[in-house]
Every structure is written in C-alpha cells, then in structure tokens.
Amino acid sequence: MTAGPLPADGTIVVVGAGLAGGRTCAALRQAGHVGQIVLVGAEQHRPYDRPPLSKAVLADAAVDPDLGLELDDVELRLGVRATGLDLGEGAVHTSEGDLRYDALVIATGAEPMALPGDGPQVALRTKEDAALVRAALVPGAQIVLVGAGWIGAEVATAALAANCKVTCLEAGPAPLAGPLGPEVAQRFLPWWQGVDLRTGALVDRVEPDGVRLADGSLLNADLVVSGVGVRPNTGWLEGSGLAFAGGGIAVDCDGRTSDPRVFAVGDVAARHSPRLGEPVHSGHWDEAVNGAAAVALAVLGRPAGIDRVPYFWSDQFGRKVQYVGQHHREDAVVFREHDDPEKWGVAWVAADGRLTAHLNVGFPKAMVRARAALESGRVVDSSIIARLDADL
Ligand code: FAD
C-alpha cells in the first residue's frame, strides 16, 4: 500500500474504544469526514471516562462514567481485540478477522502493572475493577493499597470515607516521591492521617490471604489494590515496524507515527514535544482529549502542530491537586505559600530561570498563570514567586 492523502470516502479504523479513541471518532465526524469509521474496542462498553472510577464511582454505584459521545455514524466493534498490524497491507488483525484501513488511529491506552503472586488483587482501570473495589469498601474492611501514588491516594480517600481500615505500602520515602521528588512528597504526608501508611515497605507478592512483605511478614487483607504504575498497551504491535519511544508509540504533536497512514493518541502514545525536546510523560486525561482533537485533524490532512503543555489533576483527601508542565530531577524546587495553609504550590525552575512545571493545591488561578508562563517559556524570578498569589 502506498502513502497518499486520505480519500474523502476513505475508511478510518480506530483501535481502542476508550477516551482517546471515542473522542477521535467524534472529532473526525465533526471535522466532516464522510467515509466509514470503525471503532474497535476490547471492552464490551461504549467509551467511558476513567477518572471517576477512583473518585465518584467508588462512593456511588449510580454514577455512570459513560462519555455520552455522539457515535451514531461510527461502526462500533466492541469486545473485539486487535492482535497485529500489517503496515504493508494496511490491515489490522483482530480477534474477529482483518480490517483494512486507509488511515489507522491507535488508541489502545495503557494497562496496569500487576504485583507478583497468585492472590486476588485489583488494579483500578476498568468499570468492572471499580465495581469490585466499591463492593469491598464496607465499614471495618481491611483494605491494603500497594503504592501511595495518584490512584493509591484516591482509593485511600474513598476507603476512609467508607470507614474501612486502610493500610498503604509504599516503597518510596513518602507519597508521590517517584513523580514529584522526595522534598515535595513530604508535603503530602499529613494528608494521609487515618491511613496506616508504611513508607520504605517492599512487597514480595500477593497471597490468598493478603500481602507478603519482603521481610517475610504477612499483611491480611479483605481487598488488595495495586497502584504501581501502568505501561502502554503496545504488545499487539510487536514486529509491526512502528517506531517506539520510551515504551510508547513515537508520535509528533499531531499524533503522526513513523508510518504516514498510522496515528496514535492517548496513553499509548509518546508525543515528542519540541518545546521540551523530549517525549511528554503520557497517562493523563488532558493529553488524551486534546490529542484526539489534534489527531482527527491530522488524519484529515489538516495538522495544527500545537505543542500542548502537559496537565493533570488529582482529587485526594478533600483537596484538588493540579500539575502543569514537565519537570526534571535537576530543576530547583520553589515552595509557594499562601496565608491559608490549605493553599500552596510548587514551582520547578530550570538552571536558566525558566519555569518547567508547577503544582498547586486549592488555588486554581496559580495553574492558569503557570500555564501561561510555560507556554511563553518565561523566565521567572524565584525570589518573588514564593507567594502563591504572585504572578509568574
Ligand atoms: P484508555 O482509556 O485506557 O482506553 C484504551 C482502550 O483501548 C481500553 O478500553 C482498552 O480496553 C482498549 N484496548 C487495549 N488494547 C486493545 C486491543 N489490542 N484491541 C482493542 N482494544 C484495546 N488522568 C488525569 O489527568 N486525572 C485524573 O484524575 C485521572 N484519574 C484516573 C483514574 C483512574 C482509575 C484511571 C484508570 C485513570 C485516570 N486518569 C486520570 C488517566 C486517564 O483516565 C487516562 O489518561 C485516559 O483514560 C487515557 O485514555 P486512552 O483512551 O488513551 O486510554
């Protein structure tokens, strides 16, 4: 198959019926594509939103995370798994036969990493996982969380609200020490009041009765929730010839891969950011949503080339955390304070004085200002930004 512009009535196959895949299909129709669009999804559900799974859905069975997308003109193939890709033939192999495409969008997301051992564990990724966790959150139940990261903190919040006994095993020195660094992580420690948080705890395996630690002790559990990270769902692309970067599919700002007919978006993609000079750390809602809008235009031959500033949020222990940008270990950390101790922030500043990332708690205005500073590559004055309400 030779590369060329997508015919007006061309067939677009989108693999992965999650947030990025569903929104890509809706955006393709909105942008005027009249040809066939086929959406292939391994799950039995129409595209739904995952952030509520560790928040509202755990508290209330009536919360429906369906995205409510307009997909009437899209051929939905639910419960169908892509198993391989033949770039030369322009075909996706699936559990129900081959699908030919004129353009292909890969949006297969990420899958949680499991802990070793044959005992029961839930890694919160799907509606079914959330239903299992919710059912276990009854007063007095012993919940063991492995990993005090973003998901661990949100599940801990829900488990405390349900009057469970909550233990969290974290290998690092404090919650979120991995993504944010140990200095910033210390600020989160007081939030974990009510949780038996054990830092520096190494898990050996999950057993039928609970979690076996590396020191040989057993921690009994009614439910074990593992929140130890995810990896892009790329196994089915092995040997396809597509280029990868840092575990994800290498794409540019518009989701273009190393093959001119193939695009990737969302958690499965490693988007190169010219501003950062490196791939954006994927795994966040904003990247999937804005990436879907960008990729739809690129598929139709109208790439916008916008280098989006990465953003994500987390709701934990009654607080909203917002992070924008992408910092490096060597960046200087400037804590930002407010008269109200519940409001604070962190600015990461590079050696040349440019802001690289910003985190804020309880003060969304700071995020808006930080985003503007990041977009413009502004140099910030570290001596005056210690006040959270100061402009950047
Ligand atoms: P997904 O939503 O994972 O969708 C991928 C789909 O592809 C899945 O349905 C999968 O089954 C399907 N698939 C995989 N392999 C195949 C295959 N071979 N063939 C066919 N289909 C396949 N982000 C934030 O910024 N803030 C938050 O607060 C936040 N909270 C979250 C809470 C939870 C519990 C989870 C799980 C994620 C959260 N996120 C959050 C992250 C955000 O939800 C993801 O970044 C987003 O869902 C990524 O969308 P996606 O479409 O790329 O992947």
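The values are calculated or read from the model by the stated rules, or taken from the named source; none is laboratory data. In this text, all values refer to a predicted model and were calculated from it rather than measured experimentally. Neighbour counts run over all protein chains shown; Cβ positions are idealised from the backbone, glycine included. Just so you know, the surface numbers come from the protein's heavy atoms only, side chains and all, with ligands and any DNA or RNA stripped out. Shrake-Rupley method; radii C 1.70, N 1.55, O 1.52, S 1.80 Å.
The stretch between residue 196 and residue 368 holds 58.4 nm of extra length on full extension. This uses 0.36 nm per residue minus the Cα-Cα distance. For region 201-238, the residues whose amide N sits under 17 Å from a probe point set 7 Å from the Cα of residue 118 along the beta carbon direction are 205-212. Sparsely packed loop sites in region 277-375 (the GluC sites (Glu not before Pro) outside DSSP H, G, I, E and B with at most 11 other Cβ atoms within 10 Å) comprise 330, 342.
The residues packed around residue 229, meaning those with a beta-carbon under 14 Å from its beta-carbon, carry a net charge of -1 if Lys and Arg are +1 and Asp and Glu are -1.
When the Cα atoms of the chain are aligned to their principal axes, the ranges along those axes come out at 58, 54, 37 Å in descending order.
Return the carbon/sulfur percentage of the accessible area of region 47-190, one whole number, probe 1.4 Å, all protein chains in place. Before the final figure, lay out the partial values.
Values: 3120 of 5920 Å².
Roughly 53 percent of what the probe reaches on region 47-190 is carbon or sulfur.
How much net charge surrounds residue 177 when only the other residues with a Cβ under 10 Å from the Cβ of residue 177 are counted, with Lys and Arg +1 and Asp and Glu -1? Once positives and negatives cancel, what remains is -2. Listed by chain and number, the lysines whose C-alpha is less than 16 Å from the C-alpha of residue 55, apart from same-chain residues fewer than 8 away, are 127, 320. Each Lys or Arg adds one and each Asp or Glu takes one away; over the other residues whose Cβ falls under 13 Å from the Cβ of residue 370, this sums to +3. Among the GluC sites (Glu not before Pro) found in region 51-145, those both in a DSSP coil and sparsely packed, with 14 or fewer other Cβ atoms within 10 Å of their Cβ, are 70, 89, 96. In this calculation the C-beta distance from residue 302 to residue 376 is compared with R0 = 22 Å, giving a FRET efficiency of 0.30.
Pulled fully out, how much extra length does the chain show between residue 340 and residue 258, if you take 0.36 nm times their separation in residues and subtract their Cα-Cα distance?
Taking 0.36 nm per residue and subtracting the Cα distance, the gain is 24.6 nm.
Tally the DSSP beta bridges in the chain and give the antiparallel ones as a percent, rounded to 5. Within the chain, antiparallel bridges account for around 60 percent of the total. Between residue 391 and residue 95, what's the calculated FRET efficiency when r is the beta-carbon distance and R0 is 35 Å? Round to 0.05. So the FRET efficiency works out to roughly 0.05.
Taken one residue at a time, the phi angles of region 67-77 give Karplus couplings (6.51, -1.76, 1.60, θ = phi - 60°) of 7, x, 7, 7, 10, 4, 8, 10, 7, 8, 10 Hz. Gly and Pro are set to x. Under a model in which nothing but the beta-carbon of Lys, Arg (+1) and Asp, Glu (-1) is charged, region 318-376 shows a dipole of about 220 debye around its Cα centre. Summing Cβ point charges (Lys, Arg +1; Asp, Glu -1) relative to the Cα centre of the chain gives a dipole of roughly 600 debye. Accessible area per residue was computed with a 1.4 Å probe on protein heavy atoms; residue 281 scores about 120 Å². Note on residue 343: aspartates and glutamates with a C-alpha under 20 Å away, same-chain residues under 8 apart excluded, are 154, 183, 315, 389, 391.
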